[in-house]
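What follows is a short report on a single structure.
The values are calculated or read from the model by the stated rules, or taken from the named source; none is laboratory data. Note that this is a predicted model, so its numbers are computed, not measured. In this analysis, Cβ positions are derived from the backbone assuming ideal geometry, glycine residues included, and neighbour counts consider all displayed protein chains.
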Amino acid sequence: MQTIIECVPNFSEGQDSEKIEAIVQALLAGPDVYLLGKEMDRDHNRSVVTFIGTRESVGEAALRAIGRASELIDLNNHHGVHPRMGATDVVPFVPIKGATLADCADIARRVAEQTWRRFRIPTYLYEAAARNPKRKNLEHIRRGQFERLREEVRTNPERRPDYGGLRLHPTAGATAVAARKFLIAYNINLNTSNVELAKAIARKIRASAGGLPGVKAIGVELKARNLAQVSMNLTDFETTSIGTVFDAVQKEATRAKVTIASSEIVGLVPRQAIEEVAAHYLKIQNFHSDIILENRLARVIGAGT
């Protein structure tokens, strides 16, 4: 593959595996598309699918998935702890090889336009694809979720989609499409069901409240596990690492006399991010990327070709 672009669509269904499998099969029903992973979460009632394609194939694959999801998911019957506004909630494109963020922004805009034209699902552009600076942040677009957006889009010009009219799709809602850098979805589960504590920790550490750079965080309740969770997106792991985030959450939890039950990564994570965590906790003074055997081999072999 001359170009590799990653796409990580999130679907508002985390309980019915047959529906997600049907969506995955739809996106794979074309050339030069490869599935990297899929994860379902019952409490979030949300699935994250990760696939790659070429500049020519990745957008059409995403559109096939969006169309199939609109047939299978009805937001009027959807309940979960994760904010959402669409059956296909978000569709970010990420440059991996031979492509730029600008290339991904072009793909995102075409997918957004075609989502409206083909399926009559209104779309919003965010991150590097945004045409309106106020829409760079997804949380600004998704404020109030499906139910509130459905009402406000009719009367508030600031809430109207980039593509579409004054009504959301009656069952599929609206979809947000983006171009962005690599993002790590990282959750920390607290050994308590106190969701107010998770929300307080999220407010303390997120960038928008003066916390850690590149960290977006919310507190949610995991009823199936009887735990509270600090659910996060790390938009710049090189600036704020997974280890730094874990330490910050642990510090706040300890103040409240609560321990951490576990943490989890949703989707895929770059090797560099895990390397940095290992170096952080092992306190390796001489750490650099080339002390990792696989990295050194790749560099030597690459230099010799």
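Summary of computed values
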read-out	value
Checklist (1) within 22 Å of I141 (Cβ to Cβ); (2) of a type outside the set (G, A, S); (3) in contact with a strand residue (DSSP E or B) (Cβ under 6 Å, 6 or more places away or on another chain) applied to L63, failing item	(3)
Helices (runs of 4 or more DSSP H) (entirely within region 186-305) containing at least 1 residues that are of a type in the set (A, V, I, L, M) and under 24 Å from V48 (Cα atoms)	195-205, 242-255, 271-282
Pairs, first under 19 Å from I201 (Cα atoms) in region 174-189, second among the acidic types (D, E) and in a strand (DSSP E or B), C-beta under 6 Å, six or more apart	N187/E264
Of all residues in region 110-136 being part of a helix (DSSP H, G or I) and among the β-branched types (V, I, T), the one that is nearest to the chain's Cα centre (by Cα)	V111
Selection from region 123-182 of residues that are among the aromatic types (F, W, Y) and touching a helix residue (DSSP H, G or I) at 6+ places or on another chain (Cβ under 7 Å)	Y124, Y126, F146, Y163
Flag if E39 is of a type outside the set (V, I, T), over 30 Å from S193 (Cβ atoms), out of contact with any helix residue (DSSP H, G or I) (no Cβ under 8 Å at 6 or more places or on another chain) and in contact (Cβ under 8 Å) with a residue 12 or more places away in the chain	no
Breaking point among (1) under 24 Å from I5 (Cα atoms); (2) in a loop (DSSP other than H, G, I, E, B); (3) of a type in the set (V, I, T), for I107	(2)
Matching residues in region 132-144 - criterion: being of a type in the set (K, R) and surrounded by 13 or more Cβ atoms within 10 Å (Cβ to Cβ)	R135, K136, R142, R143
Region 22-36: number of residues that are more than 19 Å from the chain's Cα centre (by Cα) and at negative phi	8
Answer residue from region 31-80, given it is loosely packed, with under 15 Cβ neighbours inside 10 Å and not charged (D, E, K, R) and is farthest from N226 (Cα to Cα) among those	P31
Identity of the residue in region 145-164, in a loop (DSSP other than H, G, I, E, B) and without any contact (Cβ under 8 Å) to a residue 40 or more places away in the chain, that ends up surrounded by the most Cβ atoms within 10 Å (Cβ to Cβ)	V153
T192 being surrounded by 15 or more Cβ atoms within 10 Å (Cβ to Cβ), in contact (Cβ under 8 Å) with a residue 60 or more places away in the chain, touching a helix residue (DSSP H, G or I) at 6+ places or on another chain (Cβ under 9 Å) and not assigned by TED's automatic domain parsing to the domain that holds S241	no
Condition check for I141: under 22 Å from D41 (Cβ atoms) and in contact with a Lys or Arg (Cβ under 6 Å, 6 or more places away or on another chain)	yes
Test: residue in region 104-117 that is surrounded by 23 or more Cβ atoms within 10 Å (Cβ to Cβ), at pLDDT 95 or above, of a type outside the set (A, V, I, L, M, F, W, C) and touching a Pro at 6+ places or on another chain (Cβ under 9 Å)	yes
